[in-house]
1. Which residue, of 81, 125, is surrounded by fewer than 16 Cβ atoms within 10 Å (Cβ to Cβ), without any contact (Cβ under 8 Å) to a residue 60 or more places away in the chain and under 25 Å from residue 216 (Cβ atoms)?
2. Name the residue, out of 54, 28, that is under 15 Å from the mean Cα position of the chain (by Cα), modelled with pLDDT under 95 and surrounded by 14 or more Cβ atoms within 10 Å (Cβ to Cβ).
3. Given the conditions (1) more than 19 Å from residue 15 (Cα to Cα); (2) modelled with pLDDT of 95 or more, which single one is not true for residue 90?
4. Filter region 210-245 down to residues that are in contact with a helix residue (DSSP H, G or I) (Cβ under 8 Å, 6 or more places away or on another chain) and either farther than 15 Å from residue 152 by Cα or part of a loop (DSSP other than H, G, I, E, B) (or both) and give me whichever is modelled with the lowest pLDDT.
5. Would a scan of region 69-80 turn up a residue that is under 22 Å from residue 30 (Cβ atoms), at pLDDT 95 or above, in contact with a strand residue (DSSP E or B) (Cβ under 7 Å, 6 or more places away or on another chain) and not in a strand (DSSP E or B)?
6. Might you check whether a residue that is buried (at least 17 other Cβ atoms within 10 Å of the Cβ) and either in contact (Cβ under 8 Å) with a residue 40 or more places away in the chain or more than 19 Å from residue 178 (Cβ to Cβ) (or both) occurs anywhere in region 106-114?
7. Please work out if residue 207 is more than 13 Å from residue 118 (Cα to Cα) and outside any loop (DSSP other than H, G, I, E, B).
């Protein structure tokens, strides 16, 4: 059984290079894109002297294989309050995924949250049973309690299973990467009366990290399929903790590819 903490861990090889092992337990047509992004974020967390991730912007260039890969990191701006990094996931001398990541230290200043809770947000205690999910191993790694599964939304409570230690903001942020990347496509998938004859490999992902709550094992992800035009589909998602505080927000786009049979 996959364990998110172990399956996103990186081993330093020297300098700015890390070894990672992409686990088949996070399979969706290959390694899940959000999972692959989580691997990069955690490697940067090991490399940086900053306390927390601020943002993550990635391009998915090729689908990696399961197994060993290399993460190469370059610090492109080393600042006192925030530093910028470029990270690449490499297999067979090819770049599979590249990302730009800001990391920073916690500071003081004015604080506010004008973003309201989603209209479908309900406390964890009021959520329903597990919603429909796909056939891939990835879905076995998440315990899910149903909230909304219609009208272009796939918005539920999630807990990574099995449980693991939450003591690192880069690990906390990695959880949000998985949800923001993965859930907008099911929002579109379940708009259809019948399973659509398409898959939707991710092209990119952008996530902003707002705050962290290591005590929140469950996360509410409000995912919306916003637009589909000319073979490209866009989605957006927000991630909330058990106290109803906004942890992360972002979105990405995917390219639609026709398949011979639904899945």
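1. One residue alone meets the criteria, 125.
2. Going through 54, 28 in turn, the sole match is 28.
3. The single condition residue 90 does not satisfy is (1).
4. Per the criteria, the residue is 214.
5. Checked against the condition, which is being under 22 Å from residue 30 (Cβ atoms), at pLDDT 95 or above, in contact with a strand residue (DSSP E or B) (Cβ under 7 Å, 6 or more places away or on another chain) and not in a strand (DSSP E or B), region 69-80 yields no hits at all.
6. No; the residues of region 106-114 include none that is buried (at least 17 other Cβ atoms within 10 Å of the Cβ) and either in contact (Cβ under 8 Å) with a residue 40 or more places away in the chain or more than 19 Å from residue 178 (Cβ to Cβ) (or both).
7. Yes, satisfied.
Quick grid of which residues meet (1) in a strand (DSSP E or B); (2) more than 23 Å from residue 199 (Cα to Cα); (3) in contact with a helix residue (DSSP H, G or I) (Cβ under 8 Å, 6 or more places away or on another chain):
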site: 90; (1), (2), (3): yes, yes, no
site: 95; (1), (2), (3): yes, no, no
site: 132; (1), (2), (3): no, no, no
site: 139; (1), (2), (3): no, no, no
site: 154; (1), (2), (3): yes, no, yes
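The values are calculated or read from the model by the stated rules, or taken from the named source; none is laboratory data. Here the structure is a predicted model, which means the values were calculated and not measured. We place every Cβ from the backbone using ideal geometry, glycine too, and count neighbours over all the protein chains shown.
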